[in-house]
Amino acid sequence: MIISVELFTKSYQAELSRENNEFTMNLTPESMARLEEYLRVVLPHYIDMPEDTENLTLDHLMKLANDWQLANPDQSMTEPHIKLPYLFDVSVKEMLSQLAEANNVPMTKVIIQLIDEAYERVVINDEAL
């Protein structure tokens, strides 16, 4: 049976099964990937990360997040909000919102990806904008 589980203020899909009077719960592969991405974004705002963050496993990230949560029981981890210094036309904002929703990522991340792609085309590949 698929259930929704909240971990570190976000909901994830998990498969719940019962065998020999024991329950087991396993996050779906998609949920595990989303959780790892979320923790990589959020944790640096709450703790001093180890130097080699790229090689941290999901297990290590979860231990770091759990340790922080146990040390701060009255607080919750939240994704950082970035205020952009410019405004978008309503149609552009709607398109970005739909794109973000379709990819299940924050709108800010979509904008950052677009900027990164444009930077790579212009600066790295020396193409016209």
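What follows is calculated from the coordinates using simple rules that are stated; it is not laboratory data. This is a predicted model, so every value here is computed, not measured. Neighbour counts run over all protein chains shown; Cβ positions are idealised from the backbone, glycine included.
For helix 90-103, report the angle its Cα long axis makes with the longest principal axis of the Cα atoms of the chain; keep it between 0 and 90° and round to the nearest 10°. Compared with the principal axis, the helix lies near 40 degrees.
If the segment from I115 to F88 were pulled out straight at 0.36 nm per residue, it would be longer than the present Cα-Cα gap by 8.3 nm. Taking the number of Cβ atoms within 10 Å of each Cβ as an exposure proxy, the fewest-first ranking of L61, L7 is L7, L61. For the chain, with the dipole built from +1 on Lys and Arg beta-carbon atoms and -1 on Asp and Glu ones, taken about the Cα centre, which of L64, T53, N103 lies farthest toward the positive end? Value computed over the given set: N103.
Given +1 at the Cβ of Lys and Arg, -1 at the Cβ of Asp and Glu and no other charges, the dipole of the chain around its Cα centre is 400 debye to the nearest 20. Taken along the Cα-to-beta-carbon direction at a fixed 7 Å, the label points for W68 and E15 span 3.0 nm. Helical runs assigned H by DSSP (4 residues or longer) give the chain a calculated mean residue ellipticity at 222 nm of -13500 deg cm²/dmol, each run adding -39500 (n - 2.57) before division by the residue total. Simple spin-label estimate for E22 and M95 gives 5.4 nm between the two label positions (7 Å along the Cα-to-Cβ direction from each Cα).
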